[in-house]
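In what follows, a structure is listed as structure tokens, so that the remarks can point back to it.
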Amino acid sequence: MGIFSRKRRVSTEGLRLDQSWDDPALDAAYAAVRAGDDLSAGLGLLKASPISTDLRAIRMTGLANAAIGRSEHLELRLQALPGDPELLVWLAQTLVFEAWEVRTAQRAVNVSSQQFATFHDILRTANDVITAAIDAAPDDATPWCPLQWVALGLQFSARDKELVFANSVARQPDSYLVHARQVQILAPKWTRGPVEDLLRFGRDTAYKTQPYRALGTGILSLVLAEAIVDIAQDQTRPQAERDARLQSLILDRRDMLLDARANWWRPGHQPEPADIEAHQAAAYTLRLLSRPELAMEHAAHTKGRVSFNPWAMSAEGHDALTGFATAVADKMRL
């Protein structure tokens, strides 16, 4: 079974990486932070974003992505505004992103001891900032998003990781980003745990999602993508066994994903901040499940905004933009 795109030259002009939102105000603030301009636009945008909402979480993540390499600027601003909840959560997520830039997304065997030491040092600092952010805004789910990545990177116990997730959803039960990050917490590539735990999480999330909401489709899509890649790359099993497991997974879960999609993408759906993230995931996974026409429909709704995960799973040198562009050029066929 062909899981990955074949290599070819395609244009990625006009695509934006890890800017998966339809939010002009965030676009403007993101550009200002990237350019090294004053942080006020980003800070003001966060303060205007209601707590415990996907809008706030996505804006926080986008601004943190823009501030990678500039965490010192946020620290200086925090000295002038000590205890500011928006600055604290922005700084926390930026530090987490900077830490993972050092570590890279490679398997542990390909990461040096010096990289790991720096990675852990930055994450411990981020953990302290997150604690302050939670104290500053105890009802807000947003600080718990970067804490999930800290829990993964610092190898919290399974129980403590679950407590982080539980505290997140207690504040915002339908948080898209919290659930998306929990997919990574449970992914076998990080935990070496059974893929069944991950699949159960995707199923449960899809079942509990309310009609017209993007959560179930997006999270189940991410879960299936991780599971398919994990099985396909499992070198401990013979190829014939891997192929059989993939076929079984696809047959068992394809209808579940189509049902989740029908629950979300139907007349009466109102746009929500997580839509583009969900379209990313649905396009990628429907392609793997041999539904290219539906995959193309969702790809069109991404508006050229490409998420590193899941598109970096393609065999394009971990180039998410090229993976997406190639799939679109091939009309989402494998």
Completion exercise
The size of the Cβ-based charge dipole (Lys, Arg +1; Asp, Glu -1) of the chain about the Cα centre, to the nearest 20 debye, is 1040 debye
Exercise for the section: Answer with one residue from F201, A295, W264: the one whose Cα lies farthest towards the positive end of the charge dipole of the stretch 184-320, charges on Cβ with Lys, Arg +1 and Asp, Glu -1. Expected result: W264
Practice task
Give me the aspartates and glutamates in straight-line cross-link reach of K47: C-alpha distance below 20 Å, same-chain residues under 8 apart excluded.
Solution key: D22, D23, D27, D37, D38, E75, D84, E86, D135, D139, D140, E272
Problem - HN-Hα J in Hz across the stretch 34-43 - Karplus 6.51, -1.76, 1.60, θ = phi - 60°, x for Gly and Pro - result: 4, 6, x, 6, 4, 7, 4, 4, x, 5
Fill in the blank from the handout: Counting only protein heavy atoms with a 1.4 Å probe and every protein chain in place, the carbon and sulfur fraction of the accessible surface of the chain in whole percent equals 52 percent
Practice task
Whole number in Å², please: accessible area per residue of the chain, 1.4 Å probe, ligands, DNA and RNA not counted.
Solution key: 44 Å²
Practice task
About the Cα centre of the stretch 1-128, how large is the charge dipole given +1 on each Lys and Arg Cβ and -1 on each Asp and Glu Cβ? Please answer in debye to the nearest 20.
Solution key: 740 debye
Fill in the blank from the handout: Output row, site D135, 7 Å Cα→C-beta label point, backbone N cut-off 16 Å, window the stretch 88-112, residues 88-89, 92
Fill in the blank from the handout: Ordering 232-239, 60-67 by per-residue average of other C-beta atoms within 10 angstrom, highest first, gives 60-67, 232-239
Practice task
Have a look at F119, L74, I130 and report the one farthest towards the positive end of the charge dipole of the stretch 65-140, computed about the Cα centre with Cβ charges (Lys/Arg +1, Asp/Glu -1).
Solution key: F119
Problem - Answer label, with log10 I(q)/I(0) by the Debye sum over Cα atoms at q = 0.08, 0.10, 0.13, 0.15 Å⁻¹ calculated from the coordinates and candidates [x] -0.36, -0.57, -1.00, -1.35; [y] -0.43, -0.65, -0.99, -1.20; [z] -0.41, -0.65, -1.10, -1.40 - result: [x]
Practice task
Using a cut-off of 13 Å between beta-carbons, work out the net charge of the residues near V111 (Lys and Arg +1, Asp and Glu -1, V111 not included).
Solution key: +1
Completion exercise
For R305, other-chain or 5+-apart residues with amide H closer than 5 Å (H placed, Pro excluded) are R16
Exercise for the section: Take every Cα pair under 8 Å in the stretch 191-334 that's 6+ residues apart, average their separations, divide by the length, and report that relative contact order as a whole percent. Expected result: 22 percent
Handout entry: Sum of side-chain charges, Q182 neighbourhood, beta-carbon under 10 Å (Lys, Arg +1; Asp, Glu -1)
Key = +1
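The values are calculated or read from the model by the stated rules, or taken from the named source; none is laboratory data. None of these values were measured; they are calculated from a predicted model. Positions of Cβ are backbone-derived with ideal geometry, glycine not excepted, and every protein chain shown enters the neighbour counts. Keep in mind that these areas ignore ligands, DNA and RNA; they rest on the heavy atoms of the full protein, side chains included. Shrake-Rupley method; radii C 1.70, N 1.55, O 1.52, S 1.80 Å.
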